[in-house]
Amino acid sequence: MIPVIKILVHQFDYLYLQSVLALATHLSPLRSRLRKIHEHILMPSNEHHQWLKKRDWPAVRDGMVHPDRLLLRKYKERDEHGRLPHHWMAAKAQTHTHTLAYVGVESINLNPEALTTRDNNGDTPIDIARRSGACAEIIGLLSLTPEEARSLGGKEMARLYAPVAYWASEMAGWIKSRSYADCHKWIDEHDDELVREVLKYMNSNLLQLFACNSQTYSDSLMFLALRMIHRHPLSLKATGEGWPQGATLPDFAQNQNACREVVKVLRLTPKDISRTPFPTLLLHSLPTKHQEIYGPYNTVCQFIKHMKYDKAELVEIEAVLKPARKCDVCSSLGAKPCARCKRAFYCSAECQKSAWKKHKKTCKAPTRPPATEADLRILHKGIALLNMCIQRSGAGDGPTSVVVGFLLPGPS
């Protein structure tokens, strides 16, 4: 009798079986049998369970990015082991990836109560994660309580536990709204390694989005394109779903009516980008921006190339790195400090003599002792390090520019 019922039940949907259960409440044996069939036949693992068991994180992510109307229900469904999708993610998360981190955050956002839900063996997701050797990022995420997860919210959880996916999403939003200044600000203010990871993770999609929103030319638009492809040249080989066979990113950009300057940049190859220092790339595409960024930088570079390590050169360092001072008497530029106190400035001996009667009352040698030989050695070592950084390809579009920005305040 039971095999016949199983075959018939396969033909019914979930709602029909629920009505059968309601009508059979007075038949306890039949109800228990039907419930068992319901648990093992009509509620098998949904596709998210299967993807998570196979560690197919991209499939799970795509299912979350383009959700169906049953997505919320799927993250509350248990399989035959009493496990939610969260339990399987915890069991299979030994190797960290940015996609896994995104899946973890979104799964908790869909069902925070899963953090404390136990399977048939009495294990919560964090118990399984610790026992199976899950990566530290997932263990940290699953250590949250449902209350903490709800308090943080999906966006803040993503920023803390899936920063690469979070910032990629932010970048996409800025590009869609053509807020290129926000993109530049984020690149300037964040660690260069994080920026590279974000662009490596999503740069192909970001460049496609960029091509769709670059119909009007601006220097800020072009500068952003150069910075993006310089950090991840392989994204220039991107192909999109539904593109004609053999179509390339420049073809797509042209089809989206992108401005010709952007199309020209997208026609560069990864090899072209990899072997061309960023300053040279910028000089060819945006000479005005190049001068704005590298003008003072090149001044320092030229000085260091001809520098000799003696007292006269150390004075010259001060002259190069500090702005010109005005004479305290006649306001002429190029004044030099008083040899004794270093606080008053004069352009000539005549001006210094004319001011001496008043200045001698306050002219005192500085209390700070003069530089020792050890101090000079440290200074020389720092200048040599700066010189080495300057000569590296791509200098000025990363941490090195922060050093020069400190020495020479101005655009960077």
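Just so it is clear, none of the values below were taken in a lab; they were calculated from the coordinates. Nothing here was measured: the structure is a model prediction, and the numbers come from that model. All Cβ positions, even for glycine, are placed from backbone atoms using ideal geometry, and neighbour counts span all protein chains on display.
Values for this structure:
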item	result
Distance between the range 248-264 and the range 166-245 - C-alpha centres, whole angstrom	14 Å
Approximate spin-label separation THR95-SER274, in nm, with each point projected 7 Å along Cα-to-Cβ	2.2 nm
Inter-centroid distance (Cα atoms) of the range 90-133 relative to the range 331-356, Å	71 Å
Translational diffusion of the range 47-161, µm² s⁻¹ [Kirkwood Rh, Cα pairs; Stokes-Einstein; 4 °C; 1.567 mPa s]	95 µm²/s
Theoretical FRET efficiency, 1/(1+(r/R0)^6), r = Cβ-Cβ of LYS54 and ASP191, R0 30 Å, to 0.05	0.35
Rg/Rh for the range 155-265, where both radii come from Cα atoms and Rh is the Kirkwood radius	0.96
Chain lengthening between THR239 and THR216 when straightened (0.36 nm per residue, less Cα-Cα)	6.0 nm
Full-stretch length increase - CYS259, LYS364 - with 0.36 nm per residue and alpha-carbon distance subtracted	31.4 nm
Gain upon complete extension [ASP251, TRP356; 0.36 nm per residue less C-alpha separation]	30.4 nm
Using a Förster distance of 25 Å, the FRET efficiency for LEU70-ASN120 (Cβ separation, nearest 0.05)	0.60
